[in-house]
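Accompanying notes for the structure given below.
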Amino acid sequence: MIAKSLRALAALAAVALAATATGCGKEGAPPVKGPSAAELPKYQIAQGFSLPDSSTWKRAQKRGHFVVGAKEDQPYLGEKNPANGTYSGFDIEIAKMVSASLGLDPKKIRFKTIASANRETAVQNGQIDYYVGTYTINDLRKKTVGFGGPYYMAGQSLLVRSDEDDIKGPKDLDGKRVCSAAGSTPYQRIKADYPKADLVAYDTYSICVDNLLTYQVDAVTTDDAILLGYAAKVPEEMKLVGKPFSEEPYGIGVPKKDNALRFAVDDALEKAEKNGDWEKAYDATLGLSGEPAPKPPAIDRYPAN
């Protein structure tokens with residue numbers, strides 16, 4: 001079984017490498033799973049846009065582009081091409097449509113990979129202008145970071161090997177080795193609500209998935225959107241089990257005191273949902289996992305702080 005799972009790991013690596021190719025494959029070869037540039041929406045850059053009350057926007061406007069924090073190992077959400085350093089996925093498209101609405105060319109965005117545990121620090125210290133990467137809005141984080149959105153509603157779930165029959169939901173995790181990302185909301189929830197699980201953490205979910213496929217852990221837990229992407233890469237090896245057991249509203253993290261930027265991000269998201277860009281971006285990225293586009297959640301325009 002381990003040999004079979006090692007082949008699955010090789011398949012995941014092959015998919016990532018295949019995504020770097022620009023030529024055609026052999027006739028009858030399976031299509032590369034991943035966003036097609038031809039299918040991605042083109043975002044119209046707002047002409048004459050100005051946001052003088054936002055110090056973050058003014059710095060970005062002066063340098064000519066936004067610096068955006070993202071994930072690099074989440075299929076269909078935030079994934080980095082190891083060959084050329086480009087990022088793709090639904091979160092990446094959200095970052096681009098926001099940039100265009102704020103008057104800056106989305107093609108010029110400089111993406112920086114930021115681990116879950118370091119997101120608040122990166123926003124607070126000005127390492128990035130905003131963060132788009134499966135970032136759940138909650139009251140604790142609002143104490144240090146402002147949030148635009150939400151732009152997507154996910155739910156915590158479980159990913160297991162296809163031959164796993166004992167785990168059907170979180171109540172079956174007692175004594176099971178469960179992996180999640182350090183500092184993430186899913187990690188904290190398992191720790192608090194299912195203390196008998198043997199919880200382990202790494203900086204990235206991709207390491208958790210590697211450990212799942214090599215039988216070092218029994219399950220990986222995070223948001224269903226993230227897990228769907230991994231399962232879609234090698235569906236014969238992994239599966240999601242049970243129903244989502246939380247609500248995870250994904251938001252765009254901005255500096256806490258920059259209310260002007262936060263409200264402008266809210267406007268950008270609302271515009272993208274109304275003009276169809278949001279759904280087009282979903283269909284070309286996360287929709288490739290097989291899940292149809294859901295209705296976007298209502299924007300939470302909470303008061304200035």
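The values are calculated or read from the model by the stated rules, or taken from the named source; none is laboratory data. Note that the coordinates shown come from a computational prediction; the quantities given were computed from them, not determined experimentally. With ligands, DNA and RNA removed, areas are computed over all heavy atoms of the protein, side chains included. Shrake-Rupley method; radii C 1.70, N 1.55, O 1.52, S 1.80 Å.
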### Task
Using θ = phi - 60° and the Karplus relation 6.51 cos²θ - 1.76 cosθ + 1.60, list the HN-Hα couplings for the stretch 180-185 in order, rounded to whole Hz, with x at every Gly or Pro.
8, 8, 4, x, 7, 4
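Using Cα-Cα distances under 8 Å and only pairs 6 or more residues apart, what relative contact order does the stretch 102-235 have, in percent?
Relative CO of the stretch 102-235 lands at 26 percent.
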#### Entry: Residue pairs, from the table 42/96; 58/256; 96/233; 58/143, whose Cα atoms sit over 19 Å apart
96/233; 58/143
### Task
Let me have the 222 nm mean residue ellipticity of the chain computed from DSSP H runs of 4+ only, each contributing -39500 (n - 2.57), with the sum over all residues rounded to the nearest 500.
-10000 deg cm²/dmol
### Query
Accessible area per residue of the chain at 1.4 Å probe, in Å²?
46 Å²
### Query
Which far-off residues, 5 or more places away or on another chain, put their amide H under 5 Å from the one on residue 285, with H placed in the peptide plane?
none
### Query
How many percent of the accessible area of the chain is carbon or sulfur, using a 1.4 Å probe?
51 percent
